[in-house]
Amino acid sequence: MELINLMDSCIFCAIIEGDIPSHSVYEDETTLAFLDINPISVGHTLIIPKYHSSKINQLPISFATSLMQTVHTLTGPIEKAVGANATTIAFNNGSEAGQEVPHVHCHIIPRFEQDGGKSVHSLVESPSHPPLDFSDIVMSIKNLI
Ligand code: 5GP
Ligand code: ZN
């Protein structure tokens, strides 16, 4: 497949093009996976689509689908390679969520007993929301799908 929609100023597009080196662990027509340069734990891997888009909700569905296929393919081998029984699999989707590189990427982070980390429920320290009305939220979301 032809590489489409890459962006000159993006470091992950440059990694796809081979202009910036990376420790690649897997590549196919639409995705690339490589070790994070600043790993949270041993084996911390990033999986990216070969399409420049900052957020997953802006990514064409075919690239989002193949990205998840690659996550599925790699999670077991990554865990086994580093002797982990668990992984945190996460997207920082937008700058408010901590995303620093504005090219969609999925983190696969091997987790170990007593690594001091927590679950995704620890991500937000100061939840800010009006009084919760679950049915309003459900309606709002459903109306936008
Ligand atoms: P974010 O905070 O955007 O979700 O995560 C970006 C990740 O990309 C960080 O974990 C950071 O260490 C990693 N990263 C940034 N630049 C490079 C690079 O040039 N090469 C590699 N392999 N990882 C990078
Ligand atoms: Zn890019």
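The values are calculated or read from the model by the stated rules, or taken from the named source; none is laboratory data. As the structure is a prediction and not an experimental result, all values here were calculated from the model. All Cβ positions, glycine included, derive from the backbone under ideal geometry; neighbour counts span all protein chains shown. Ligands, DNA and RNA are stripped out before the accessible areas are found, and what is left, the full protein with its side chains, is counted by its heavy atoms. Shrake-Rupley method; radii C 1.70, N 1.55, O 1.52, S 1.80 Å.
A few notes on this one:
- Per residue, the chain reaches -9000 deg cm²/dmol at 222 nm when only DSSP H runs of four or more residues are counted, each adding -39500 (n - 2.57).
- Measuring nothing but protein heavy atoms, the accessible surface of the range 11-144 at 1.4 Å probe radius is 57 percent carbon and sulfur.
- Restricting the range 79-129 to GluC sites (Glu not before Pro) in coil, as DSSP defines it, with at most 16 other Cβ within 10 Å: GLU100, GLU113, GLU125
- For TYR26, nonlocal amide neighbours, meaning residues 5 or more places apart or on other chains whose placed amide H falls under 5 Å from its own, are ALA33.
- A DSSP coil position with no more than 11 other Cβ atoms inside 10 Å describes the following GluC sites (Glu not before Pro) in the range 6-77: GLU29.
- Scaled radius of gyration (Cα, divided by 2.2 N^0.38 Å) that the range 11-144 gives: 1.17
- Surface analysis of the range 11-144 yields an accessible area of 65 Å² per residue, using protein heavy atoms and a 1.4 Å probe.
- From the alpha carbon centroid of the range 71-98 to that of the range 1-35 is 18 Å.
- Qualifying trypsin sites (Lys or Arg not before Pro) in the range 74-145, where qualification requires a DSSP coil assignment and no more than 14 other C-beta atoms within 10 Å, comprise LYS118.
- If only the Cβ of Lys and Arg carry +1 and only the Cβ of Asp and Glu carry -1, the dipole of the chain around its Cα centre is close to 300 debye.
- By the beta carbon rule, with partners counted only under 4.7 Å, the chain holds these lone Cys residues: CYS106.
- Per-residue HN-Hα couplings for the range 86-95 [Karplus 6.51, -1.76, 1.60; θ = phi - 60°; Hz; x = Gly/Pro]: 8, 9, 9, 10, 8, 10, 8, 9, x, 4
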